[in-house]
Amino acid sequence: MLIKRQISLLMGLCVVFANAEPLMRNGGAANSARIAFVSTRSGNPDIYVMDSDGNLRSTVTTHDAEDTQPTWSPDGEKIAFVSNRNGGNIQIWVIDADGRNPIRLTDGTWDNHPDWSPDGNKIAYQASRKKALNIEKWNYEIHVMGADGSNKKPLTDHPAYDCHPAWSPDGRKIAFASNREEKLMEVYVMDADGRNVKRITHNFHDQEDKFMPTWSPGGRRIAYVWNLQIYVMDRNGENQRRLTERGEGRYPTWSPDGGAIAYESWEGFGSPHGIYTAGVRSGAVTLISEVHRKGDFQPDWFNPWELPVSPAGNRITMWGRVKNAAASLR
């Protein structure tokens, strides 16, 4: 019986990928190794896309405002980003990957750090809101909305700063950074509906923040920034390991196969920024964007065909253009 079920699973996956092939040619495959990033090479922060080796760059935005923090939709057809092009307020926009059809999604004073849910239906983001009408204090909370900007609602409501949300590949969890304990930023994980918040880093005697968590494609590990270096840990916070050894870095983003992490790095205050990759096992570092006076920032590696395994370890879920295809391995 087990052999028959395994054969049925393999046949089902073959059918799925056979049907998906035309879609990949038209969409995901062409972008499967592409990295969206920000550059000021033209004198203004705009969104660009390049291959994972740094070649074949293309321009996505060319606007007088500042366009930053790009993040791919799971199908590779759109890029969410942050811009002040609407009267100077920092808000979240979405644009076709070829630079057409920019649409504003939020109308807050300071909305940033968007991250798409794996099924492409929602976007989590960091929102700045006043905590009380009679108090001139602003605070960061994690919000979520539909991918079209509808149904906005908060996921956290805490006096501390909650920021940098990141969906797990199975769509069940959101990692984020918060200073709700010890007054230092630590990495937390919560259910996608905002419940069951759990702190997963506990470096009580360290005086450096930990922030910008991002999940590996399989969901088993999380990369994050600590003391402006890139670290990797298990999804429960164990086995923390420093990946980079020099310079200062932030905005880690995983390669589709989980073997490398791209990130923004610079040598020190005032030095130009470039985009590098580091091997997760080897730690070997490669510069993939030329370091120029203006600088390149905030990479996001398109991850088209994730095969995350659920925490129970008995289901495979494929997101993107082929989604919600699951099979029991029991």
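The values are calculated or read from the model by the stated rules, or taken from the named source; none is laboratory data. All values derive from a computational prediction rather than experimental measurement. Cβ placement follows ideal geometry from the backbone for every residue including glycine, while neighbour counts extend to all protein chains displayed.
So the values come out like this:
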{"quantity": "Matching residues in the stretch 91-129 - criterion: being within 15 Å of the chain's Cα centre (by Cα) and hydroxyl-bearing (Ser, Thr, Tyr)", "calculated": "SER117, TYR125"}
{"quantity": "Filtered residues of the stretch 52-67 (kept if in a strand (DSSP E or B) and surrounded by fewer than 20 Cβ atoms within 10 Å (Cβ to Cβ))", "calculated": "SER58, THR59"}
{"quantity": "Test: residue in the stretch 65-74 that is small (Gly, Ala, Ser) and at pLDDT 95 or above", "calculated": "yes"}
{"quantity": "The stretch 170-192 - residue that is surrounded by fewer than 21 Cβ atoms within 10 Å (Cβ to Cβ) and hydrophobic (A, V, I, L, M, F, W, C) and, of those, modelled with the lowest pLDDT", "calculated": "LEU184"}
{"quantity": "Residues satisfying the stated conditions in the stretch 61-82, i.e. small (Gly, Ala, Ser) and over 17 Å from the mean Cα position of the chain (by Cα)", "calculated": "ALA65"}
{"quantity": "Strands (runs of 3 or more DSSP E) (entirely within the stretch 193-275) containing at least 3 residues that are crowded, with 23+ Cβ neighbours inside 10 Å", "calculated": "210-215, 221-226, 248-254, 260-266"}
